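The values are calculated or read from the model by the stated rules, or taken from the named source; none is laboratory data. Predicted model only: the values in this text are computed from it and were never measured. Neighbour counts run over all protein chains shown; Cβ positions are idealised from the backbone, glycine included. Just the protein is used for accessible areas: all its heavy atoms, side chains included, with ligands, DNA and RNA removed. Shrake-Rupley method; radii C 1.70, N 1.55, O 1.52, S 1.80 Å.
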Amino acid sequence: MKFLGIDLGWRSGASGLCCLELTNGQLHLLDLDRRESITDILTWIDTWVQPQEPAIIAVDAPTLIPNATGMRLPDKLTHKYFGKYHAGCYPANLSLPFAQRTVDFGLALAARGFNHAPEITPQMPGRYQIEVFPHPAIVHLFQLDRILKYKKGKLAERYLELLKLRQHIVDVLSTLEPALVLSQESHQSSEIPPTPHKKGGKIPFITSHKRIQSVLNDRHAPLTLAALKAVEDQLDSLICAYVAAHWWYWGLERNWVLGDRTSGYIVVPAPLPVQAANLDSAGVLRPEN
């Protein structure tokens, strides 16, 4: 079973792409990439998932938007449950400029047989798509008290937050079920490099390498917004792909669904047991609307 993460550019620009595969109970990273156009993204999907091959595609973008104005139910619920973590999502409605692009992308996936799956039978092979949102997923998976703020702020500060995200991916996802297994080489090369200087500093970035240890590992690339965005897109897509695997593996036993097929929905991993200890079974129940 394959799990694809798409950090979709809502209006334009490159999208982060990740492909994981579950083999012998463990997740392995097959590809980590970026593509510009929707056509190229769909070509990438077709390359990694053959017709009729089972897979689930997790998209960080609103692919179901029933409302002409205002906020969707899942958008409101992210603010209700994750506002205190600074993880409420941007509102989506059909009057906004990105709506046609994101909805059409969901329709293109459906045309390939990837059906929306706000309900799922765990570990049942099939072709599915879901909407996800990396920030609340990161809060729960990595047991954080707020989001990692790698999308806004000074470049050097965003860089350090991206390093934290990469380190959490390497250190934590290998301990969860299903486990993302990186090679021994991955762990050997995951040491965080020195903090760059704000001016003229060099930071480690490679924008399209297939292995996680190579992201943030090119010491010859300058500290630029474009370099940060390239890595951000790829790491977000990896989180999306992992959420897809977690949803398929556990279903509602260890995930929340914010919303539904009619109103739009976002799948979020539930709090880990240590987080849920004082939350009255929040780790196994779908939150109330």
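The figures follow:
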item: Sequence of 15, 263 from largest to smallest accessible area, 1.4 Å probe; result: 263, 15
item: Extension gain, residue 272 back to residue 28 (0.36 nm per residue minus Cα-Cα distance, nm); result: 85.6 nm
item: Spherically averaged projected area of region 12-91 from its Cα convex hull (nm²); result: 7.9
item: Peptides ranked, highest mean first, by Cβ atoms within 10 Å: ranges 63-73, 16-26; result: 16-26, 63-73
item: Label point distance in nm, residue 143-residue 110, each placed 7 Å from Cα along Cα→Cβ; result: 4.0
item: Region 1-110 - charge dipole about Cα centre, Lys and Arg +1 at Cβ, Asp and Glu -1, debye rounded to 20; result: 600
item: Stretchable slack from residue 100 to residue 157, in nm (0.36 nm times residue separation minus alpha-carbon distance); result: 17.2 nm
item: Contour minus Cα-Cα distance for residue 86 and residue 171 (0.36 nm per residue); result: 28.3 nm
